[in-house]
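The values are calculated or read from the model by the stated rules, or taken from the named source; none is laboratory data. No experiment lies behind these values; they were computed from the predicted model shown. No Cβ is skipped: glycine too gets one built from the backbone with ideal geometry, and neighbour counts run over all protein chains shown.
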Amino acid sequence: MRLDSFLKASRLVPRRTVAQHMCEAGAVLVNGLPAKSSRLVRPGDTLTLHLRHRRLVARVLAVPETKTVKAPTTLYERLSEEILAEDPLTPVEDVP
């Protein structure tokens, strides 16, 4: 299953287009590397999501066969969730 479809099916993000924009912005890492939305997700992959002021790390346990899932929490295991002081993807301007 594609990464953007998995993020939507697992309800880690609300919409597939949001997942696509996050991938384009570099806010989604798969096994520590930036990933495109078309990358295939496999069980055992580690996902790192930068969501506003928090970082979520999850391990993929299963990949659904359909786009809709009744129990999305069975698809992944949360490894860590960290609250960040500021958004890591916001560019820092040089202030004289």
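Overview of values
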| quantity | calculated |
| --- | --- |
| Residues within the range 31-55 that are in contact (Cβ under 8 Å) with a residue 24 or more places away in the chain and within 24 Å of THR66 (Cβ to Cβ), tallied | 10 |
| Residue match in the range 16-23 (condition: loosely packed, with under 12 Cβ neighbours inside 10 Å and over 15 Å from GLU82 (Cα atoms)) | no |
| The range 74-96, subset modelled with pLDDT under 80 and farther than 23 Å from ALA25 by Cα, residue surrounded by the fewest Cβ atoms within 10 Å (Cβ to Cβ) | PRO96 |
| For LYS70: the one exception among (1) in contact with a helix residue (DSSP H, G or I) (Cβ under 7 Å, 6 or more places away or on another chain); (2) modelled with pLDDT under 90 | (1) |
| Residues of the range 14-25 satisfying the condition of being part of a loop (DSSP other than H, G, I, E, B) and in contact (Cβ under 8 Å) with a residue 24 or more places away in the chain | none |
| Any chance VAL28 is in contact (Cβ under 8 Å) with a residue 12 or more places away in the chain and more than 19 Å from LEU84 (Cα to Cα) | no |
| Matching residues in the range 28-54 - criterion: being surrounded by 17 or more Cβ atoms within 10 Å (Cβ to Cβ) and not in a loop (DSSP other than H, G, I, E, B) | VAL28, LEU29, VAL30, LEU47, THR48, LEU49, HIS50 |
